[in-house]
Amino acid sequence: MSRKVRTGWRVGRVLGLLLVCLGGYGVARLFGPGHWWKRTFLRTAGRIFGLDLRIEGTPVSRNVLLVANHVSWLDILAIGGAAGARFVSKAEVADWPVISLIARIGDTVLVERQSKRAVRGQADQLSAALIEGRPVVLFPEGTTGDGRTLLPFRPALLATVTPPPPGVVVQPVAIDYGDATTDIAWPDGESMGANAARVIGRPGRIRATIRFLPPLPPIDDRKALAAAAQAAIAEALSRA
């Protein structure tokens, strides 16, 4: 099967899946929040795009900020399918085709990372999402890279959980794509369209391991929290 045919086949299947899940979500919303349908879409779309998901460790199911390394837009499908979580992402994502759709389905909390005036409102938005109960995922690297190098964790948004609100914990998560990491990573300078086409058209399966590490103890300093989360994830990836 050629790359173009494979890409069209996968995209078509995901669009069909989307229609089914939107219908199911619409009905489910009459009786509750309908989160199951969102998680089902993310998990199944991940499989269609080639992900073979493997879970290690025990995810905290409620009132948790999941702090993860960031390799690819596939991370949203992988963690969203595994934990049914919401995400924190930069506001520009709302303008990206395909990725913006995935972000909306995942109830992404969009933030203006370059706007100091918006920091307070964003912190309140993140706090509300955490208190709501569903897991929230933050990628503190702030961007993707070559997939092999763990970029410095930015502590700004971690101010919301230093100290954490009552009952909220911080759990590091290591995302590992094994031998496929370099192939599916989204390096600086590559456009969203080019990366999506390259990843979706890639032959073969992608083994994605999501390692839920032990929650961190309460830490009052956001820089110390960022350093502790980064060290835990770096150690987990080094053992892979």
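Once the gyration tensor of the Cα atoms in segment 143-183 is diagonalised, the equivalent ellipsoid follows with semi-axes of 28, 13, 6 Å, ordered largest first.
Just so you know, the Rg over Rh for the chain is 0.95, from Cα atoms, with Rh as the Kirkwood radius. Less than 5 angstrom separates the built amide H of Val137 from those of Leu66, Arg86, Phe87, Val88, all sequence-distant by 5 or more or on a different chain. A simple rule links phi to the HN-Hα coupling: the Karplus curve 6.51 cos²θ - 1.76 cosθ + 1.60 with θ = phi - 60°, which for segment 54-59 gives 10, 10, 10, x, 10, x Hz, with x for Gly and Pro.
Largest first and in whole Å, the equivalent-ellipsoid semi-axes of segment 152-240 read 31, 16, 11, each the square root of five times a Cα gyration tensor eigenvalue.
Overall, the accessible surface of segment 136-240 at a probe of 1.4 angstrom is composed of carbon and sulfur to the extent of 57 percent. Sequence-ordered 3J(HN,Hα) estimates for segment 63-71 from the Karplus curve with 6.51, -1.76 and 1.60 and θ = phi - 60° stand at 6, 9, 9, 8, 9, 10, 6, 10, 10 Hz, glycine and proline given as x. Within segment 1-73, the chymotrypsin sites (Phe, Trp or Tyr not before Pro) that combine a DSSP coil assignment with at most 10 other C-beta atoms in a 10 angstrom radius are Phe31. Per-residue surface analysis assigns Leu126 an accessible area of about 0 Å², computed on protein heavy atoms at 1.4 Å probe radius. Note on the chain: antiparallel DSSP beta bridges, both residues inside, total approximately 20 percent of the bridges counted. Dividing the helix sum by the residues of the chain, where each DSSP H run of 4 or more adds -39500 (n - 2.57), gives a mean residue ellipticity at 222 nm of -13000 deg cm²/dmol. Helix 3-28 and the longest principal axis of the Cα set of the chain meet at an angle near 60°. Of all stretches in the chain that contain no GluC sites (Glu not before Pro) in a DSSP loop with at most 14 other Cβ atoms within 10 Å, the longest one is 1-111.
Our coupling estimate for segment 224-232, obtained by passing each phi through the Karplus curve with A = 6.51, B = -1.76, C = 1.60 and θ = phi - 60°, is 5, 5, 4, 5, 5, 5, 5, 5, 5 Hz, Gly and Pro reported as x. In the context of the full set of protein chains, the chain has a per residue accessible area of 48 Å² (1.4 Å probe). When the trypsin sites (Lys or Arg not before Pro) in segment 189-240 are filtered for DSSP coil states and for at most 14 other beta-carbon atoms within 10 Å of their beta-carbon, the remaining sites are Arg205, Arg239.
The values are calculated or read from the model by the stated rules, or taken from the named source; none is laboratory data. Computed from a predicted structure; not experimentally measured. Using ideal geometry, Cβ is built from the backbone for each residue, glycine included, and neighbour counts are taken over all protein chains shown. What goes into the accessible areas is simple: the full protein's heavy atoms, side chains included, and nothing from ligands, DNA or RNA. Shrake-Rupley method; radii C 1.70, N 1.55, O 1.52, S 1.80 Å.
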